[in-house]
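Remarks on the structure that follows.
The values are calculated or read from the model by the stated rules, or taken from the named source; none is laboratory data. A quick note: this is a predicted structure, and the numbers were derived from the prediction, not measured. Cβ: placed from backbone, ideal geometry, glycine included. Neighbour counts: every protein chain shown. What goes into the accessible areas is simple: the full protein's heavy atoms, side chains included, and nothing from ligands, DNA or RNA. Shrake-Rupley method; radii C 1.70, N 1.55, O 1.52, S 1.80 Å.
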Amino acid sequence: MESKVVITVLLALIAVLLIVGARLKALRLIGYAAIRLIVGALALFVINAIGGHFNIHIPINLVTSIVCGFLGLPGAAALIVIDRYIL
């Protein structure tokens, strides 16, 4: 085989791998965000179930789920403090 053909095939293969790899990375990021969002909503559900005895109710919506999912326990604590003292 000629060297031009080999180099062209290798460059095309590299380009395909770069394009596919970039899309997989974006899908992985979207999946990670979706999992965090679901975990945040479930955590808020548990907080509302337990907090019902202490008169704590945090609405479960996109913003509160994102805060609780991405920030974790400090985010949930911040939402409880906001609910109790600010609202």
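Considering only 71, 16, 82, and ranking their Cα positions along the charge dipole of the chain that arises from unit charges at the beta-carbon of Lys, Arg, Asp and Glu, the one farthest toward the positive end is 16. For the chain, modelled as a GNM whose springs connect Cα atoms under 10 angstrom apart, the maximal fluctuation among 22, 33, 12 occurs at 12.
For the chain, the solvent-accessible area works out to 79 Å² per residue, with a probe of 1.4 Å and every protein chain left in place. Taking the chain as a Gaussian network of alpha-carbon nodes connected by springs under 10 Å, the highest mean-square fluctuation of the residues 29, 37, 17 belongs to 17. Angle of helix 3-51 to the longest C-alpha principal axis of the chain, folded into 0 to 90 degrees and rounded to 10: 10°. Ignoring any ligand, DNA or RNA, what whole percent of the accessible area of the chain comes from carbon and sulfur when the probe is 1.4 angstrom? Percent of accessible area from carbon and sulfur atoms in the chain: 78.
With springs only between Cα atoms under 10 Å, which of 63, 20, 39 fluctuates most in a Gaussian network model of the chain? Of 63, 20, 39, the Gaussian network model singles out 20 as fluctuating most.
Annotation: extensible slack from residue 86 through residue 38 equals 14.7 nm (criterion: 0.36 nm per residue apart, minus Cα-Cα distance). Taking 0.36 nm per residue of sequence separation and removing the Cα-Cα distance, the residue 61/residue 8 pair yields an extension gain of 13.9 nm.
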